[in-house]
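Below is one structure, written out as structure tokens, with a few remarks after it.
Just so it is clear, none of the values below were taken in a lab; they were calculated from the coordinates. On a predicted model such as this, the values are computed, not experimentally measured, just so you know. Neighbour counts are summed over all protein chains in view; Cβ atoms, including those assigned to glycine, are modelled from backbone coordinates with ideal geometry.
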Amino acid sequence: MPKYVALLRGINVTGKNMIKMETLRATFESLGFKDVKSYINSGNLIFETAKTDDGKLAKKIHDAIQKEFGFDISVMVRTMAEIEEIVAWNPFEGQFESPKDVHVFFLNDKLTDEQEALLLAQGNENEIFAILGRHVACLLKIHITDSAVGKGFIDKKLKVAATGRNWRTVSMIAEMGSRGERGHVNAVRKEKIKRASLQDDIKAGSIENAERDTEIVNDWP
């Protein structure tokens, strides 16, 4: 069966919409999804199901979460092939030191030409954009909370629902999908610690919290 990825907006961020990943995986399994995996606790679920429209899957997941947990949250669903396409695209390859400097925003709808122009006009030497279908990649040389995307430009100005993930998270989701690894934090921690790029996170003492940096933008006021 095809593999899909569900990206939930605003899960376990700043103490809001708290859901344990074990419980969330069980919810996905109750929907008939197979081989359900999760990556960190910001709401990234990999699963298998019969080929269908991703919008229908997103609604099915949204309704189940609202019914079981009472949270009305946005859900973006992509095929694993689309995630792998994003990683292969890698528009800022060689231009960043840390994968936390690149953020990918998964949009509910593809931007119109006018919306694309408005977004690109926000770009500058500290905030550089690239667009691929329903995905916006952003290379930031400033803190995300000081950026246009961090202040909610996509949601508030373009009126398009979106959820963001940093490049490390997107890459790890693709890697988990291709390897078929067990999908919980402990299963990937050893491999992640081996990577030199995690040194700053290790010093900070919290790999999971560092990975959630991008999800700050999911909790825009």
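Structure data summary
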| item | result |
| --- | --- |
| Using θ = phi - 60° and Karplus 6.51 cos²θ - 1.76 cosθ + 1.60, couplings along the stretch 163-173 (whole Hz; Gly, Pro as x) | 9, x, 9, 7, 5, 4, 5, 4, 5, 5, 4 |
| Restricting the stretch 12-120 to chymotrypsin sites (Phe, Trp or Tyr not before Pro) in coil, as DSSP defines it, with at most 10 other Cβ within 10 Å | none |
| Debye, to nearest 20: dipole size of the stretch 3-82, +1 on Lys, Arg Cβ, -1 on Asp, Glu Cβ | 60 debye |
| Spacing of the two label points (7 Å from each Cα toward its C-beta) at residue 125 and residue 56, in nm | 5.1 nm |
| Net lengthening on full extension, residue 72/residue 109 (0.36 nm per residue, minus Cα-Cα) | 11.5 nm |
| ³J(HN,Hα), Karplus 6.51/-1.76/1.60, whole Hz, each residue of the stretch 114-120, x for Gly, Pro | 5, 5, 4, 4, 5, 5, 4 |
| Calculated from backbone phi, Karplus (6.51, -1.76, 1.60) coupling profile of the stretch 36-45 in Hz, x at Gly/Pro | 7, 10, 10, 10, 6, 10, 9, x, 10, 10 |
| Calculated FRET efficiency for the pair residue 26/residue 116, C-beta based, R₀ 35 Å, to 0.05 | 0.30 |
| Per-pair calculated FRET efficiency, R0 = 30 Å: residue 48 and residue 90 via Cβ, rounded to 0.05 | 0.70 |
| Extension gain, residue 132 back to residue 97 (0.36 nm per residue minus Cα-Cα distance, nm) | 10.4 nm |
| Loop-resident sites, the stretch 128-173, for trypsin sites (Lys or Arg not before Pro), counting at most 10 other Cβ within 10 Å (DSSP) | 159 |
| Distance in nm between pseudo-label sites at residue 35 and residue 141 (7 Å out along the Cβ direction from Cα) | 4.2 nm |
| For the stretch 3-82, Kirkwood radius (reciprocal of mean inverse C-alpha pair distance, Å) | 12.4 Å |
| Loop sites in the stretch 65-110: trypsin sites (Lys or Arg not before Pro), DSSP, at most 13 other Cβ within 10 Å | 110 |
| Listed residue pairs exceeding 23 Å between alpha carbons, taken from 20/60; 20/151; 3/56 | 20/151 |
